[in-house]
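The values are calculated or read from the model by the stated rules, or taken from the named source; none is laboratory data. Remember, it's a predicted structure, so these values are computed and weren't measured experimentally. No Cβ is skipped: glycine too gets one built from the backbone with ideal geometry, and neighbour counts run over all protein chains shown. Side chains included, ligands, DNA and RNA excluded: accessible areas come from the protein's heavy atoms. Shrake-Rupley method; radii C 1.70, N 1.55, O 1.52, S 1.80 Å.
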Amino acid sequence: MIPNKTIVIDDAVPYAHELFSHLGHVITLPGKEITRDSLKTADALIVRSRTQVNQALLENTPVEFVGSTVVGLDHIDQVYLQQQNIEFYSAQGCNANSVAEYVITNIVNLAVSKGFELAGTRLAIIGVGHVGKRVADKAAALDMTLLLNDPPRVEQENLTGFVDLDTALSADIITVHTPLNYDGPHPTHHLLSADKLRRIQPHQIIINAARGGIIDEQAWSKTPTAANIIDCWENEPNIDETLYQTALIATPHIAGHALDAKIAGSQMVFSALCQYWHTEPVIDWPSILPTPPDLIQPSFTGKLETDLKALLAQCYQPEKDDLAIRTNNMIETHKKYEYYRRHYPIHREWHQHRVQKTGHKLFDNCLYSLGFKLI
């Protein structure tokens, strides 16, 4: 018997009915179409990033639990939830691996197209939290030289071996992975300001797969670089045309959209809701998941960058996500941006892929360190 509870869930949450239905009546809606009227009988609300959860949405509704299956927090008014004694859970870290794989895939592709070796290339990771740590681990497996920057962690954990922001901005490749915040001791809004971006040289590469607004977009669009890889933008989906035209790879905030990341976020929120409602979880849905990807039989030429690019292309190709929204008409691009996010094709994280060993120990060890299943 289904409990007398109602759960409203963003319809972009995968397997929402299968996962949550034993907890109550599940209603799925597009994230932007979740309104106060939608929540008149709702006991719980499960969202991704497209629903602004605040007083305007929740006032005079019976919602007692809000779960977010994504890691960003800028769409959640946590102060209001706390004031109203509404339980809140955020699936922090759920998509960290997916985002890290997006970053590393792009770096490998750039190594081939730009003709540089990964070993010894200096990679600055600004923000070494859930995602930044994963990027660091994978980059270390490729013998890249890491410049880690995270003042809050350095202060709180008394860490050594980190660098200041100016030193980080001297790296060959710069990737940002901080949260977006506007105040406190370490605000990150326009962390890479116009002044900081003046230090950037034309041979450098900048990647933003964190949050729009961490980099001053107006200044970034005027900064010559070897390549811009951009997944996160201010004013999504109405992204800035000038910056968009600078991007070698421009994607619609999908770096964390691997199926496994979405499922992880859903499971984390599901577990939290079960705990909040003191209900034993029923997990009978994994049998409906897609079959595992086919065995990959990699080629081996001895050139790490080329061999790795060929293998990674069998898992995920960021250029396809770029082409899915790229047009000469920004109005069309804005429309495609949101549509593609809602109809994103399935791809799996590396740990879901089985790879035939090549017999070359260094290459096989590298693949194992990146997370692949070697057989």
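For a quick check of your reading of the model, give me the residue pairs whose first member lies in region 198-226 and is surrounded by fewer than 23 Cβ atoms within 10 Å (Cβ to Cβ), whose second is at pLDDT below 95, with beta-carbon atoms closer than 7 Å and at least 6 apart or on different chains. Within 7 Å, the pairs are Gly212/Glu236; Gly213/Leu180. Within region 265-277, one or more residues are without any contact (Cβ under 8 Å) to a residue 40 or more places away in the chain and farther than 19 Å from Glu338 by Cβ. Considering only residues in region 302-318 that are of a type outside the set (A, V, I, L, M) and over 19 Å from the mean Cα position of the chain (by Cα), the one that is farthest from Ile104 (Cα to Cα) turns out to be Gly302.
Just to be sure, is Asn208 of a type outside the set (D, E, K, R), in contact with a strand residue (DSSP E or B) (Cβ under 7 Å, 6 or more places away or on another chain) and farther than 30 Å from Thr306 by Cβ? It would help to see each step written out before you state the result.
Values: of a type outside the set (D, E, K, R): yes; in contact with a strand residue (DSSP E or B) (Cβ under 7 Å, 6 or more places away or on another chain): yes; farther than 30 Å from Thr306 by Cβ: no.
No: the conditions fail for Asn208.
State whether one or more residues within region 136-157 are of a type in the set (A, V, I, L, M, F, W, C), at pLDDT 95 or above and touching a His at 6+ places or on another chain (Cβ under 6 Å). No, region 136-157 contains no residue that is of a type in the set (A, V, I, L, M, F, W, C), at pLDDT 95 or above and touching a His at 6+ places or on another chain (Cβ under 6 Å). What is the number of the single condition among (1) in contact (Cβ under 8 Å) with a residue 60 or more places away in the chain; (2) under 20 Å from Thr333 (Cα atoms); (3) of a type outside the set (Gly, Ala, Ser) that Ile230 does not meet? Going through (1) in contact (Cβ under 8 Å) with a residue 60 or more places away in the chain; (2) under 20 Å from Thr333 (Cα atoms); (3) of a type outside the set (Gly, Ala, Ser) one by one, Ile230 breaks only (1). Cβ separations smaller than 7 Å between residues 6+ apart or across chains give the following pairs from region 296-322 residues that are over 25 Å from Arg341 (Cα atoms) and without any contact (Cβ under 8 Å) to a residue 60 or more places away in the chain to residues that are among the acidic types (Asp, Glu) and assigned to a helix (DSSP H, G or I): Ser299/Asp307; Thr301/Asp307. Within region 323-375, being β-branched (Val, Ile, Thr), free of Cβ contacts under 8 Å to residues at least 12 places away in the same chain and out of contact with any helix residue (DSSP H, G or I) (no Cβ under 6 Å at 6 or more places or on another chain) holds for one residue alone: Ile331. Restricting attention to region 1-20 and to residues that are open to solvent by 30 Å² or more (accessible area, probe 1.4 Å) and over 27 Å from the mean Cα position of the chain (by Cα), the residue that is modelled with the highest pLDDT turns out to be Lys5. Is at least one residue of region 22-31 more than 20 Å from Leu180 (Cβ to Cβ), modelled with pLDDT of 95 or more, out of contact with any strand residue (DSSP E or B) (no Cβ under 8 Å at 6 or more places or on another chain) and not small (Gly, Ala, Ser)? Looking through region 22-31, none of the residues is more than 20 Å from Leu180 (Cβ to Cβ), modelled with pLDDT of 95 or more, out of contact with any strand residue (DSSP E or B) (no Cβ under 8 Å at 6 or more places or on another chain) and not small (Gly, Ala, Ser).
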